[in-house]
Amino acid sequence: MRKHIRGLDHAVILVRDLDRAHDSYRRLGFTLTPRGFHSLGSQNHCIMFGRDYLELMALPAAPPASLQYFADFLAKGEGVGALALATDDAAGAYAELKQAGIEADPPLALSRPVENLGQARFTLVQLPPAETPGLRTFVCQHHTRDIVWRPEYQRHANGAAGIKSVTIATPDPARYARVLDGLPVAYSHADTPVVAAIRIRVDDKKAAADGLERGGISFVTLKDGAPVVPAGEAHGVMLVFG
């Protein structure tokens with residue numbers, strides 16, 4: 001892992017109907033933040049864990065050019081359109097990526113209001129889509145963690161505590177090494193690259209399964225007791241609890 005990349009920050013799950021996605025993830029047992037409005041026009045709900053999170057994102061009717069990749073992704077279907085990599089120094093990460101021959105975009109400052117607490121401010125460094133086929137990757141530095149990671153949004157009925165790993169289905173796992181090496185990313189084989197699954201860390205798999213049943217969610221159970229929610233129930237990505 002690179003010096004200025006500290007791990008996974010969040011996974012962006014692109015959805016066509018944010019209200020419907022909010023209801024789906026509420027029934028999955030997650031606590032969601034209120035709807036957020038980005039300065040680029042996109043809207044979101046976040047599912048906050050201890051140090052990382054899931055982001056449900058919907059686009060404006062006429063997305064700006066900077067969101068065109070996501071618009072093209074959604075035209076094919078919902079799912080994980082991007083992985084954000086954590087950093088405490090976006091400028092340093094940008095310099096490091098450039099030095100490695102990765103043609104990253106210069107740091108971009110963005111913001112969104114958070115209820116009555118002020119603006120959540122963050123800086124992104126976008127990587128070229130060709131570096132990680134099937135998804136976009138970017139580096140994210142949070143400047144206002146205190147108003148984003150709030151305790152009341154980190155408690156989940158399903159016991160979720162964080163992102164344990166992400167599985168990318170791809171014909172060429174080695175293609176991703178320059179960016180994702182050292183991160184909790186696994187690979188499976190597929191002809192078309194896609195983020196196939198997110199494994200969510202929980203302490204009690206049975207309690208997570210009971211919560212899914214209460215929410216009316218269809219799932220199967222692995223031999224180790226981990227409940228698995230199919231992609232059709234989670235807006236384009238399989239969720240594994242355990």
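Across the cross-link table entries K98/K164; K164/K223; K76/K164; K76/K205, which are compared at the Cα atoms, the separations over 22 Å belong to K98/K164; K76/K164; K76/K205. Put simply, the convex hull of the Cα atoms in the chain casts, on average, a shadow of 12.4 nm². Between D210 and Q119, the modelled labels are 4.6 nm apart [label points 7 Å from Cα along Cα→Cβ].
Projecting the Cα atoms of L67, L14, A91 onto the dipole axis of region 12-168, where Lys and Arg carry +1 and Asp and Glu carry -1 at the beta carbon, places L14 farthest toward the positive end. Binning all Cα-Cα separations of region 161-238 at 5 Å, short to long from zero, yields these whole-percent fractions: 3, 14, 21, 24, 16, 11, 7, 3, 0.
Using only side-chain charges placed at the Cβ, +1 for Lys and Arg and -1 for Asp and Glu, the dipole size of region 136-242 relative to its Cα centre rounds to 200 debye. Mind running the shape call on region 104-242? Use the C-alpha gyration tensor, a ≥ b ≥ c as the square roots of the eigenvalues: rounded below 1.5 for a/c, prolate if a/b tops b/c, oblate otherwise. Oblate, because a/c is 1.5 or more while a/b does not exceed b/c. A run of the chain free of exposed loop cleavage sites, with GluC sites (Glu not before Pro) counted only in DSSP states other than H, G, I, E and B and at most 14 other beta carbons within 10 Å, reaches its longest extent at 116-242.
Close amide H pairs (under 5 Å, H built 1.01 Å from N) link G79 with L14, residues at least 5 positions away or on another chain. Multiplying the residue separation of V220 and D191 by 0.36 nm and removing their Cα-Cα distance gives an extension gain of 8.0 nm.
Here the dipole of the chain is about 280 debye; that uses its Cα centre as origin and unit charges on the Cβ of Lys and Arg (positive) and Asp and Glu (negative).
Full extension of the chain between R150 and L108 gives 12.7 nm of extra length, using 0.36 nm per residue less the Cα-Cα distance.
Other residues whose C-beta falls under 13 angstrom from the C-beta of A161 contribute a net charge of +3, scoring Lys and Arg +1 and Asp and Glu -1.
In whole angstrom, how far apart do the alpha carbon centroids of region 31-90 and region 202-242 sit? About 23 Å separates the Cα centre of region 31-90 from the one of region 202-242.
When only alpha carbons are used to place a centre, region 153-176 and region 100-147 end up 18 Å from one another. Students often forget the sequence filter, so: which aspartates and glutamates lie under 17 Å Cα-Cα from K3 once same-chain residues fewer than 8 apart are removed? Cross-link targets: D88, D89, E96, D181. Electrostatic bookkeeping for P34 treats Lys and Arg as +1 and Asp and Glu as -1; over the other residues with beta carbon under 14 Å from its beta carbon, the sum is 0. Here the relative contact order of region 1-149, from alpha carbon pairs under 8 Å that lie six or more residues apart, stands at 25 percent. In the chain, helices alone account for a calculated mean residue ellipticity at 222 nm of -5000 deg cm²/dmol, with every DSSP H run of four or more residues adding -39,500 (n - 2.57). Per residue, the accessible area of the chain comes to 44 Å² when a 1.4 Å probe rolls over the protein heavy atoms.
The values are calculated or read from the model by the stated rules, or taken from the named source; none is laboratory data. Just so we're clear, the structure is a prediction, and the values are computed from it rather than from any experiment. Methodologically, a virtual Cβ is constructed for each residue, glycine included, from the backbone with ideal geometry; neighbour enumeration extends over all protein chains shown. SASA here: full protein model, heavy atoms, side chains in, ligands and nucleic acids out. Shrake-Rupley method; radii C 1.70, N 1.55, O 1.52, S 1.80 Å.
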